[in-house]
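Structure first, commentary second.
Read the figures in this text as sums done on the coordinates, not as results from a lab. All values derive from a computational prediction rather than experimental measurement. Virtual Cβ from ideal backbone geometry, glycine too; neighbours counted across all protein chains shown.
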Amino acid sequence: MTRVILHSDINNFYASVECLYNPALRSMPVAVGGDPELRHGIVLAKNNIAKKYGIKTGEALWQAKRRCPDLVFVPPHYDRYIRFSRMVREIYADYTDKIEPFGLDESWLDVTGSLVSQDGKVIADKIRERIKFELGITASVGVSYNKIFAKLGSDMHKPDATTTITVADFKDKVWPLPVRELLYVGSSASRKLAGYGIHTIGALARTEPRLLKNWLGINGVMLWQFANGMDISPVSNDSYPIKSIGNSTTTPRDLVSYEDVKITIYMLAESVASRLRENGFICRTVQLYVRDNKLVSFERQAKLPEPSCVSDTIAHASMRLFDLNVNEPFAVRSLGVRACDLAPADCRQLSFLPDSERLQKKEELEKAVDSIRNRFGHFAIQRGIMLTDRNLSSLNPRDDHSIQQIAFLR
Amino acid sequence: MKQYVGVIAQHEPDGKIMPIEMIWTDGRRYEIERIYDVRRAASLKSGGVGNRYACRIRSREVYLYDEDGRWFVEDNENG
Ligand SMILES: [Mg+2]
């Protein structure tokens, strides 16, 4: 049976959300990125006006500013993006339960046999209309019979458009495109293919797979199948748009005692745990990052005995990693705590072991702390240990954090 | 403009929230006479997303938004 697959891609996701929240920005060139005073800041996203000036995602902020002196920089608000990503997913869920996110702003949907309509384009148009009305941002949707062509379709017309690619017309619509538009054709593969005179997806499709295997290995055969519409990979429900949630800080002074480290780790663990809870995740692995005052750094990780979103558990695991890997005397400059291996909290297995009851209680306690902090601010309630060194504990770690989206090739 | 306002509301057992009175920034209270429609919607004018209540207040139609527990109205000079 021919499948009906949609690939939905929110247009300029971060920039669109920022422009929705600040109407004054909508008529200006906007780039979302870190502090432009910091040399390492890069453009994470830009709106269509900035695009016209040739601003590129990934370029340094100072470079972008030189290209377009009027460019307005907006710092990223990840909490908003996560909220919008979740609301978009809620819309998708009205049409199918087979949803595979690809980063925060893209998803594949398998709507084969959907009760809403048998016509993929009808569903795609409805989804676009709802995203625009309910969320104030736009999406481009590709409709096809496999994931690869659906993704290609969502790239073909922007913003706010539906593009269909069928068995009957894919040779006309897909084959003239440059080969690097195909998902998983990176710059090295496209360079190699160019060396053999293969510049379009059509040329790739008509090449002997035997030759491609010689040039690119087994990936060459996979790309040949993709180019011919033979991708049969399913839309998988069991992946999550966020891979990990982490937080790191460079401390106001060197950390030289276990007590210093403990204060900082607890602070980071609390912020990571509260973000886990906010987004309904538990983590199975904790990762610790340590950099000393000579800028030597390392990362270590440990599996948790039981998945958790409790800061105590995350802090304990991090402290243990520190104990195991750092000997006195030390002078630590930066610490980072990251929760990895995430799963939704609601799929946690029920357990009646006394230990998990204790964890449950801690979780309830920390949720109560979250709600106090949401109402009265971060410093309204604190651990006793934070009072032992106000200088170290004065950071509000929730304002400075990072999320890591899934990588493009899993 | 996004004008945050106070709201007196009734929380129904099924989780629905029904606003009863809106409290303007000057403290004056306005009865919500009727609710025509409730749906999630973006407010392009104010810059926000939430549950949008189309209400009648003093015989004028007003959009009142519940954005994750903070309420705002589209501040529209022309009504
Ligand atoms: Mg996008």
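So here's what we get for this one:
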{"quantity": "Set of the stretch A:273-305 residues, backbone N closer than 19 Å to the point 7 Å along the Cα-Cβ line of A:V256", "calculated": "A:291-296"}
{"quantity": "Cut-off under 5 Å, modelled amide H: who pairs with B:W71 long-range", "calculated": "B:V5"}
{"quantity": "At R0 = 22 Å, FRET efficiency that the Cβ-Cβ distance of A:D341 and A:R86 yields, to 0.05", "calculated": "0.65"}
{"quantity": "Hull shadow area, averaged, chain A [alpha-carbon convex hull, nm²]", "calculated": "24.3 nm²"}
{"quantity": "Fully extended contour minus Cα-Cα distance, from A:R390 to A:M156, at 0.36 nm per residue", "calculated": "78.8 nm"}
{"quantity": "Prolate/oblate/rounded call for the stretch B:1-76, Cα gyration tensor, a/c under 1.5 rounded", "calculated": "rounded"}
{"quantity": "Selection from B:P13, A:L359, A:T163, by position along the positive dipole direction of the protein assembly as shown (Cβ)", "calculated": "A:T163"}
{"quantity": "Within the stretch A:175-227: Cβ-based charge dipole about Cα centre, in debye rounded to nearest 20 (Lys, Arg +1; Asp, Glu -1)", "calculated": "120 debye"}
{"quantity": "Integer Hz, Karplus 6.51/-1.76/1.60 couplings in order for the stretch A:106-117, x for Gly and Pro", "calculated": "10, 8, 9, 10, 9, 10, 4, x, 4, 6, 6, 6"}
{"quantity": "Aspartates and glutamates whose Cα lies under 18 Å from that of A:K158, excluding same-chain neighbours fewer than 8 positions away", "calculated": "A:D9, A:D105, A:E106, A:D125, A:E129, A:E181"}
{"quantity": "Proximal aspartates and glutamates relative to A:K51, as straight alpha-carbon distance under 14 Å, when same-chain residues fewer than 8 apart are discounted", "calculated": "A:E59, A:D70"}
{"quantity": "Separation of the A:D119 and A:N237 label points, Cα + 7 Å toward Cβ, nm", "calculated": "2.8 nm"}
{"quantity": "Rounded FRET efficiency, nearest 0.05, which uses the C-beta distance separating A:T2 from A:R206 and R0 of 25 Å", "calculated": "0.60"}
{"quantity": "In Å, descending, principal axis extents of the Cα set of the stretch A:83-130", "calculated": "29, 20, 14"}
{"quantity": "For the stretch A:238-308 versus the stretch A:26-99, the gap between their alpha-carbon centres in whole angstrom", "calculated": "26 Å"}
{"quantity": "A:S27 paired with A:D323, simple spin-label distance in nm, labels 7 Å along Cα-to-beta-carbon", "calculated": "6.2 nm"}
{"quantity": "Estimated [θ] at 222 nm from DSSP helical runs (n ≥ 4, -39500 (n - 2.57)) normalised by residues in the protein assembly as shown, nearest 500", "calculated": "-9500 deg cm²/dmol"}
{"quantity": "Lys/Arg +1, Asp/Glu -1 at C-beta; the stretch A:1-174 dipole; positive extreme among A:F84, A:G113, A:C68", "calculated": "A:C68"}
{"quantity": "FRET efficiency estimate (nearest 0.05) - Cβ-Cβ, A:K52 to B:R28, R0 51 angstrom", "calculated": "0.65"}
{"quantity": "Whether the stretch A:83-175 is rounded, prolate or oblate, judged on the alpha carbon gyration tensor where a/c under 1.5 counts as rounded", "calculated": "prolate"}
{"quantity": "Karplus (6.51, -1.76, 1.60) ³J(HN,Hα), θ = phi - 60°, over the stretch A:243-250, in Hz, Gly and Pro reported as x", "calculated": "8, 7, 10, x, 8, 9, 8, 9"}
{"quantity": "Acute angle (nearest 10 degrees) that the helix A:311-325 long axis makes with the longest principal axis of chain A, alpha-carbon atoms", "calculated": "80 degrees"}
{"quantity": "Per-residue ³J(HN,Hα) for the stretch A:2-9, Karplus 6.51 cos²θ - 1.76 cosθ + 1.60, θ = phi - 60°, Hz, x for Gly and Pro", "calculated": "5, 7, 10, 10, 10, 10, 10, 10"}
{"quantity": "Shape call, the stretch A:175-227: gyration tensor on alpha carbons, a/c limit 1.5", "calculated": "rounded"}
{"quantity": "Protection proxy ranking, peptides A:334-340, B:15-21, average beta carbon neighbours within 10 Å, highest first", "calculated": "A:334-340, B:15-21"}
{"quantity": "Ordering of A:141-150, A:82-91, A:68-77 by burial proxy (mean other Cβ atoms within 10 Å per residue, highest first)", "calculated": "A:141-150, A:82-91, A:68-77"}
{"quantity": "Largest-first principal axis extents of the Cα set of the stretch A:241-394 (Å)", "calculated": "45, 33, 32"}
{"quantity": "Kirkwood Rh in Å, taken over the stretch A:10-89 so that all alpha-carbon pairs contribute", "calculated": "12.5 Å"}
{"quantity": "The stretch A:229-348, dipole about Cα centre (Lys/Arg Cβ +1, Asp/Glu Cβ -1), debye to the nearest 20", "calculated": "160 debye"}
{"quantity": "Projected label distance in nm at A:T166 and B:E61, using a 7 Å step from Cα toward the beta-carbon", "calculated": "4.0 nm"}
